[in-house]
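Student: First, the structure itself, so that you have it in front of you.
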């Protein structure tokens, strides 16, 4: 049996985990709890701005909403290329795998064997990690 407690409501959720059948069933239930929580938060996020002025809400129960606009920044490749030596520029530039995948797929006829050479020369990026999913079989 596995157990988790909602610290705000005190609700205790117990799920069986003694067999593979229990694991499958409990995993499905946990997935639904996760989807439900996300759906609730998504609905609440739409309401929060009504109570926020100048990026902050009033304090309630020692809590406060803050709304921050995040703009991710990156470096201009042309400026880097003009101001760094070629080797340094090459080391600092990271390949956009999604863009390369799309380019290879869209230009397969034109690239021919080059596409295979590029794909077979892929290198590890980052640390490996494990993903555990319950997959529905058809």
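Student: Pairs, please: C-beta under 6 Å, at least 6 apart or cross-chain, first residue touching a residue at least 12 places away in the same chain (Cβ under 8 Å) and in segment 67-83, second part of a loop (DSSP other than H, G, I, E, B)?
Tutor: Every condition considered, the pairs that remain are 67/55.
Student: Consider only pairs whose beta carbons are under 8 Å apart and that are at least six residues apart or on different chains; among these, list those whose first residue lies in segment 29-51 and is modelled with pLDDT under 95 and whose second residue is part of a helix (DSSP H, G or I) and surrounded by 11 or more Cβ atoms within 10 Å (Cβ to Cβ).
Tutor: Qualifying pairs under 8 Å: none.
Student: Could you check segment 32-85 and list, in sequence order, the residues that are in contact with a helix residue (DSSP H, G or I) (Cβ under 8 Å, 6 or more places away or on another chain) and not in a loop (DSSP other than H, G, I, E, B)?
Tutor: Listed by number, the residues that qualify are 57, 80, 81.
Student: I want to confirm something. Restricting to segment 113-132 and keeping residues that are at pLDDT 90 or above and either in contact with a helix residue (DSSP H, G or I) (Cβ under 8 Å, 6 or more places away or on another chain) or surrounded by 10 or more Cβ atoms within 10 Å (Cβ to Cβ) (or both), which single residue is farthest from residue 23 (Cα to Cα)?
Tutor: Taking segment 113-132 first, the residues at pLDDT 90 or above are 113-122.
Now restrict to residues that are either in contact with a helix residue (DSSP H, G or I) (Cβ under 8 Å, 6 or more places away or on another chain) or surrounded by 10 or more Cβ atoms within 10 Å (Cβ to Cβ) (or both): 114-119, 122.
Working: 114: 46, 115: 42, 116: 41, 117: 43, 118: 41, 119: 37, 122: 36 Å.
Within segment 113-132, the match that is farthest from residue 23 (Cα to Cα) is 114.
The values are calculated or read from the model by the stated rules, or taken from the named source; none is laboratory data. These figures come from a predicted structure and were not determined experimentally. So basically every Cβ, Gly included, is an ideal-geometry build from the backbone, and we count neighbours across all protein chains shown.
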